[in-house]
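Asker: Just dropping this structure here.
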Amino acid sequence: MNLLLFAIAPVCVIILYIYLKDKYDREPKLLLFYCFMFGAFVSIIITTILYLMFDFVIELDELSVYQQFIRAFFVVGFTEEFSKYIIVRYYAQTREAFNEPFDGIVYAVMVSMGFAATENIFYVLEGGYEVALLRAFTAIPAHATFAILMGYYMGQAKFSENRVQLNLKGLLLAILFHGAYDFFLFIDFIPGVWIGAFISLIFGIILSRNAIKTHQINSHLRQKL
């Protein structure tokens, strides 16, 4: 039970943080719950199916930098972010409650945290408290960062004539940062290269904070207050 709490705690902290950042018109709690659960189960199922398809088609050499690049960006990055994207795009983005650009960040984070919660439970139950502590400051914030960057553009897309382009821009940006983060971890057979993962994470966090502030400042709901 304690391990389970350690696995869920960082997810809850990030959810609360984003929820409180939604200052002007907070989303219905039931809808947020549904997005979280879709991320925790539907997104995981989609990811698993896509992983199995990739495994059937290609076999990657763990000691090849090029092939680990393919794995990071096109297998893991694309698969996981696409599985979250389609839930935000075809469920959350169509809701009436999605009524300002910041909502893209909120719903993307909820879906992503659902995914991260399920993933983290498996890792932590297998690896113990050390894994829980490490992932609380690395993998979980990373998932949140990818979601904020994707949600920033998906929030803009809802209210733009360039909806398709902005939605895809959000997806591609999430894949880019996810792929970069994983790539440096996958090629850990090169001494010291893992530091690149933390640099990409820090850069992503900085961009995410700016994305949150930008949507807060530009919210049409703020201007009505």
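Asker: Please work out how much length the chain gains when fully extended from TYR17 to HIS220, using 0.36 nm per residue of separation minus the C-alpha to C-alpha distance, in nm with one decimal.
Answerer: Result for the pair: 70.9 nm of gain on full extension.
Asker: For labels at VAL193 and ASP55 in the simple 7 Å Cα→Cβ model, what's the distance in nm?
Answerer: If labels sit at VAL193 and ASP55, their model points lie 2.4 nm apart.
Asker: Less than 17 Å apart at the alpha-carbon level, and either on another chain or at least 8 residues along: which lysines does that give for LYS213?
Answerer: LYS21, LYS23
Asker: With point charges of +1 on the Cβ of Lys and Arg and -1 on the Cβ of Asp and Glu, referenced to the Cα centre of the range 151-225, which listed residue (LEU201, ALA157, HIS178) lies farthest in the positive direction of the dipole?
Answerer: Of the options given, the answer is ALA157.
Asker: Around PHE78, what is the net charge, scoring Lys/Arg as +1 and Asp/Glu as -1 over all other residues with Cβ under 12 Å from its Cβ?
Answerer: Its environment carries a net charge of -1.
Asker: Between ILE44, ILE202, ILE148, which gets the highest mean-square fluctuation from a Gaussian network model of the chain, Cα cutoff 10 Å?
Answerer: ILE202
Asker: Do any GluC sites (Glu not before Pro) in the range 92-141 lie in a loop, going by DSSP, with at most 16 other beta-carbon atoms within 10 Å of their beta carbon, and if so which?
Answerer: GLU96
Asker: Something else now. Treat every Asp and Glu Cβ in the chain as -1 and every Lys and Arg Cβ as +1, leave all other atoms uncharged, and give the resulting dipole magnitude about the Cα centre to the nearest 20 debye.
Answerer: Value, rounded to 20: 1080 debye.
Asker: Taking 0.36 nm per residue of sequence separation and subtracting the Cα-Cα distance, how much length would be gained by fully extending the chain between ASN210 and LEU125, in nm to one decimal?
Answerer: Full-extension gain reported as 27.2 nm.
Asker: Top to bottom by accessible area (1.4 Å), largest first, where do CYS35, CYS12 land?
Answerer: Order by accessible area, largest first: CYS12, CYS35.
Asker: What value, in deg cm²/dmol to 500, does the helix sum -39500 (n - 2.57) over DSSP H runs of n ≥ 4 give at 222 nm once divided by the residues of the chain?
Answerer: Details: 11 runs with 170 residues, N = 225.
Value at 222 nm, helices only: -25000 deg cm²/dmol.
Asker: Can you list which of the DSSP-assigned H helices in the chain have a Cα extent of 30 Å or more along the long axis and an average Kyte-Doolittle score of at least -1.0?
Answerer: 102-127, 163-186, 195-218
Asker: Write down the radius of gyration of the range 1-145 and its Dmax, each obtained from C-alpha positions, in Å.
Answerer: 16.2, 50
Asker: Still on this structure, I have one more. Suppose R0 equals 22 Å; then what is the FRET efficiency for GLU96 and PHE41 from their Cβ-Cβ distance, rounded to the nearest 0.05?
Answerer: So, using R0 = 22 Å, E works out to roughly 0.35.
Asker: For LYS158, which lysines qualify as cross-link partners when the Cα separation must be under 16 Å and same-chain residues fewer than eight apart are set aside?
Answerer: Those lysines meeting the cut-off are LYS169.
Asker: Considering only protein heavy atoms, with the full assembly of protein chains and a 1.4 angstrom probe, order THR94, THR138, THR214 by accessible area, largest first.
Answerer: Working: THR94 80, THR138 15, THR214 50 Å².
Ranking THR94, THR138, THR214 by accessible area, largest first, yields THR94, THR214, THR138.
Asker: Ok, one more. Restricting to Cα atoms and excluding each atom paired with itself, what does the Kirkwood estimate give for the range 67-135 in Å?
Answerer: So the Kirkwood estimate lands at 13.8 Å.
Asker: Cut-off under 18 Å on the C-alpha distance; same-chain residues fewer than 8 positions from LYS29 excluded. Which aspartates and glutamates are left, in chain and number order?
Answerer: Those aspartates and glutamates meeting the cut-off are GLU96, GLU100, ASP103.
Asker: In nanometres, what is the gap between the two model label sites at LEU5 and VAL65, each 7 Å from Cα along Cα-to-Cβ?
Answerer: Going by the 7 Å Cα→Cβ label model, 4.6 nm.
Asker: What ratio of Cα Rg to 2.2 N^0.38 Å holds for the range 83-225?
Answerer: For the range 83-225, the normalised Cα radius of gyration comes out at 1.12.
The values are calculated or read from the model by the stated rules, or taken from the named source; none is laboratory data. What you are looking at is a predicted structure, and each value in this text was computed from that prediction instead of being measured. Every residue, glycine as well, gets a Cβ built from its backbone with ideal geometry; the counts of neighbours run over all protein chains shown. In case anyone asks, the SASA skips ligands and DNA or RNA and just uses the protein heavy atoms, side chains included. Shrake-Rupley method; radii C 1.70, N 1.55, O 1.52, S 1.80 Å.
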